[in-house]
Amino acid sequence: MKISNIRIEDFTETGVAKSRLVCDVTDCSFSQSKQIYYVIPREFRSWIADDVYDSFMVALLFPIMRYNEVLEIEGKVSKRIHLNLMYEVASSLKDFEPSLYLPTIKVKGYADAKKNKDQHVGVGFAAGVDSFAVMHDHYWYPIDEDKKIDTLFSFHVDNYGDPCDPASSKRAEKWYRVLTERYANRVGGILSCFVDSNIFEFHPQMGTDLLDGFLGRLSMALSLQRGLKCYYCATDLSYGQALRVFDTFKYKPKWMHFWEYVSSSYVCPLLSNHGLEFISDGSRYNRGDKIEMIVDDPYVKEFFNVCTCSSDTDLETNCSHCRKCKLTMLALDILGKLDDFKDVFDVDYFRKHVYGIKCHAVYNSDKEEYSMVDVELAQKHNYPMPSKIRAALHTYANKMYGAFGIRKIKRILKKN
């Protein structure tokens, strides 16, 4: 596989001025696509790094490891990123998914991307727990003023359906408009940017959200490294919780969970270069502590969104019925803050089903990460939870009711 002729192309789409960082692709055995690109709003054109292939090299690591294909780059890349990617990051990926092959990446030489005079600090923002935790520490109450966030990003990488479906891109941009851009406008004095891409076309058998979502995000940030000096990668769990996830998810393939949860802490410094620092941020807190920390921050109650099941017609509220929503509501209830979030959650639904939600958390605390978090948070705050036995009995009873249709029979009897 060979990539060459890196360049910026300006175009207009549905009346909106955009720019594209693109290079040509030849001799690729696993994809018919002849170009790979990132699409950025025109106002961010000066941020685009069109003098190095760093972004494309990172984006293509997993595909070339999956298909055992040499990547030839007709241009220069960051020496630090190239060597760390080929050896350390690739070896880590192979440890989590042994079917992968170690990569060969040939380049024409080394160079660091040219930098603008004005440098920015960014973070991916989707209005969830981790996004708000990073904003708490690096915007509202900045630990380091030199690395205070001034730009919010939304990358079309995962969580929007089949990434190769054009509808996925539209859904991703809609989420950006409703959450990221609207929040930035509400805060004021902060930029926001949506980045689209076709990197998914080089994952014909395994989608980016299964294994390559994290690398996809880093590649998109690297595409803008001329204007970026720092990018925060928000982490989900604490260091200790991430380690326990390995045992929690022991019945699932390692690559589905452990790489994503654990790799950020070491991949971010490995893929930083002389001009752009990736910072893995948030693992000093456990998830319960994060929720406790952010609940009173500005605009959290207005924008808080943890749901991956919200309909396209109602992105401003959480569905309140999916596992993630119910367990987040339980965490807020443990903290005595749930009623403050009635505009974004169906609090009445939670109150009606609270015992079942508690039982789910206790029963699954050694099988699911967010159930584990809620049980730990309940213990910290002396919040009453059912015993393991009661939770198991309730869970098995519900499974039996569902299997034998007893609920349906009861509804029929009540009607008659």
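The values are calculated or read from the model by the stated rules, or taken from the named source; none is laboratory data. Please read all numbers here as calculations on a predicted model, not as lab measurements. Counting neighbours? That spans all protein chains shown, and the Cβs are built from the backbone with ideal geometry, glycine included. Quick note on the areas: whole protein, heavy atoms, side chains included, nothing else; ligands and nucleic acids left out. Shrake-Rupley method; radii C 1.70, N 1.55, O 1.52, S 1.80 Å.
Here are some notes:
- Test: residue in segment 235-257 that is at pLDDT 95 or above, open to solvent by 30 Å² or more (accessible area, probe 1.4 Å) and part of a helix (DSSP H, G or I): no
- Residues (surrounded by 15 or more Cβ atoms within 10 Å (Cβ to Cβ), assigned to a helix (DSSP H, G or I), in contact (Cβ under 8 Å) with a residue 40 or more places away in the chain and not small (Gly, Ala, Ser)) located in segment 358-397: 369, 370, 372, 373, 374, 376, 377
- Residue check, residue 92 within 25 Å of the chain's Cα centre (by Cα) and either of a type outside the set (S, T, N, Q) or open to solvent by less than 10 Å² (accessible area, probe 1.4 Å) (or both): no
- Residue 139 vs. criteria modelled with pLDDT of 95 or more, of a type in the set (Phe, Trp, Tyr), assigned to a helix (DSSP H, G or I) and more than 17 Å from residue 183 (Cβ to Cβ): no
- Output for segment 98-123, where each listed residue is within 23 Å of residue 76 (Cβ to Cβ) and in a strand (DSSP E or B): 105, 106, 109, 110
- Filter pass, residue 129 being in contact with a Cys (Cβ under 9 Å, 6 or more places away or on another chain) and open to solvent by less than 10 Å² (accessible area, probe 1.4 Å): no
- Matching residues in segment 289-311 - criterion: being modelled with pLDDT under 90 and open to solvent by less than 70 Å² (accessible area, probe 1.4 Å): 307, 310, 311
- Residues that are modelled with pLDDT of 95 or more and among the acidic types (Asp, Glu), drawn from segment 1-25: 9, 10, 24
- Restricting attention to segment 142-195 and to residues that are at pLDDT 95 or above, in a loop (DSSP other than H, G, I, E, B) and among the charged types (D, E, K, R), the residue that is least open to solvent (accessible area, probe 1.4 Å) turns out to be 150.
- Candidate set: segment 360-396, residues that are hydroxyl-bearing (Ser, Thr, Tyr) and within 24 Å of the chain's Cα centre (by Cα); chosen: the one modelled with the highest pLDDT: 371
- Cross-chain or 6+ apart pairs with Cβ under 6 Å, segment 123-148 first and of a type outside the set (Lys, Arg), then open to solvent by 60 Å² or more (accessible area, probe 1.4 Å): 137/143; 142/148
- Matching residues, segment 319-357, being outside any helix (DSSP H, G or I), touching a residue at least 40 places away in the same chain (Cβ under 8 Å) and in contact with a His (Cβ under 9 Å, 6 or more places away or on another chain): 335
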